[in-house]
1. In terms of the Cα gyration tensor, with a ≥ b ≥ c the square roots of its eigenvalues, is the stretch 155-250 rounded because a/c is under 1.5, prolate because a/b exceeds b/c, or oblate?
2. For K113, give me every one of the aspartates and glutamates with a C-alpha distance below 19 angstrom, ignoring sequence neighbours fewer than eight places off in its own chain.
3. Helix-derived [θ] at 222 nm for the chain: sum -39500 (n - 2.57) over DSSP H runs of at least 4, divide by residue count, nearest 500?
4. Please compute the Kirkwood hydrodynamic radius of the stretch 169-319 from all pairs of different C-alpha atoms, in Å with one decimal.
5. Suppose all protein chains stay in the model; what accessible area per residue would a 1.4 Å probe give for the chain, in Å²?
6. With the full set of protein chains in place, find how many percent of the accessible area of the stretch 202-282 is carbon and sulfur; take the probe as 1.4 Å.
7. Debye calculation, C-alpha points only, no solvent: report log10 I(q)/I(0) for the chain at q = 0.11 Å⁻¹, in the same order as the q values.
8. What percent do you get for the relative contact order of the chain when only Cα pairs under 8 Å and 6+ apart count?
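The values are calculated or read from the model by the stated rules, or taken from the named source; none is laboratory data. Quick caveat, the model's predicted, so the values are computed rather than measured. Backbone-built Cβ (ideal geometry, glycine too); neighbour counts: all protein chains shown. Heads up: the accessible areas ignore ligands, DNA and RNA and are worked out on the full protein's heavy atoms, side chains in. Shrake-Rupley method; radii C 1.70, N 1.55, O 1.52, S 1.80 Å.
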Amino acid sequence: MRILSGIQPSGKLHLGNYFGMMRPALHLQEQGEAFLFIANYHALTSVHDSARLKQDTWDVALDFLACGLDPSRTVFFRQSDVPEVHELAWLLSIVTPMGLLERCHSYKDKVSKGIAPSHGLFAYPVLMAADILIYQSNIVPVGRDQKQHVEVTRDIAIKFNNEFGEVFTVPEPSIQDEVAVVPGLDGQKMSKSYGNTIDLFGDMREAKSRIMKIVTDSKGLEDPKDPATCNVYALYKLFADDLQRAEMESNYRRGNYGYGHAKKALLAIFEESFAPFRARRAELESNPDYVEELLRNGAERARAAASSTLDKARKAVGL
Ligand code: ADP
Ligand code: TRP
C-alpha cells in the first residue's frame, strides 16, 4: 500500500497543519510505504519571492523531520526534484474537463482572498493529480479542505484509464474525522491566510500570547462550561490522552474553572508535547548537509517510481 501526501511551503506550519495532515501522515508511515513531499511548485501559485520560497521549503523539511518523519520508512523529497510530474500533468490535462476545475472550491476561495487568478492557480488540481498518480498512490492523507482535490484526482484517473487503458491506481483520500478542522484563535479554521494560527516552532512567548487570545464565550469563573463548544478545549483535546480529556471535561462541567486555567493547561501540554520536537529541530538545523542529502536521496527514489509511471502513460497515449 502506498501512502502519499504533500504540503505547500507557503508559510510557517501551524497546529492546523500538524493535526490535520502531518500527524495522520506520520502515523500512516507505520502502515505502508509512505511518500511525502514539499509542494514547492504548488507554492509558486501564491509565493513570488525566491528567497522566501527557499527558506519556507527548508523550514518545512526541518519541521517534518523534527516531528517524527522517519527517512528510513518515508521517501521524503522536494516536488521540484521530480520534474516528471509536469509532463504527466499535461497528459492528465487533456482528459480533465474544464467543468471539473471550475467547480473546485479552493480556486474560488483563493481568488476571493486576493491571490491572482492565474492559469497555474486554476490548473493546480491537475498538478496535484499528477503528484498523486505518478507514484501509483493508494491512500492520500489530507485535511478536509483538500478532499475535493483528491476526488478530482480520482475522476481524472478513471477517465484516463477508460480512454487509454489501465495506467493509474485510483487513490482514496484519508481524512481524520476527529480533527477534520482545527480551529484557530477566532474559532474559524486555523489558516495562515486568516492570521489566526499557533505556529509549531515559533517563539514560545508568542505562542503563549496567542493562546491567551483564543476567543471564548463570556461565562464567569464559577459558571459550568461546555467543553464541546469551546475553542480552547478543541485544541487541548488534540494533544491530550483519554485521561487528560476526561479530567478537563469534568473541570469545565464542574465550574470554578476559568478559561484562563484552560488556556494555561493548553500552553503546558503544547510545550510538553513539542519539547522533544524542538530539541530535534535544533539538532537538524545545525546539520544542513545531512538534511540536504536526505532530500536528494528521497528525490532519487521518488524519481525512479515516477519515471516508470510516466513511461506507461506516454506509451498509452501514443508518444
Ligand atoms: P493553510 O490553510 O494555512 O494555508 P494549507 O492549505 O497549506 O494550510 O494546508 C496544508 C495541509 O494542512 C492540508 O492537508 C490541509 O488540509 C491541512 N490543514 C490546514 N489547516 C488545517 C486546519 N485548520 N484543520 C485541519 N487541517 C488543516
Ligand atoms: N494542495 C495541497 C495543500 O495545499 C498540497 C499538495 C500538493 C498535495 N500536491 C499534493 C497534497 C498531493 C496531497 C497530495 O495542502
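1. Judged from the Cα gyration tensor, the stretch 155-250 comes out prolate (a/c at least 1.5, a/b above b/c).
2. D49, E102, D145, D186
3. -17000 deg cm²/dmol
4. It is 19.0 Å.
5. 46
6. Carbon and sulfur atoms account for 53 percent of the accessible area of the stretch 202-282.
7. -0.73
8. Relative contact order, the chain: 24 percent.
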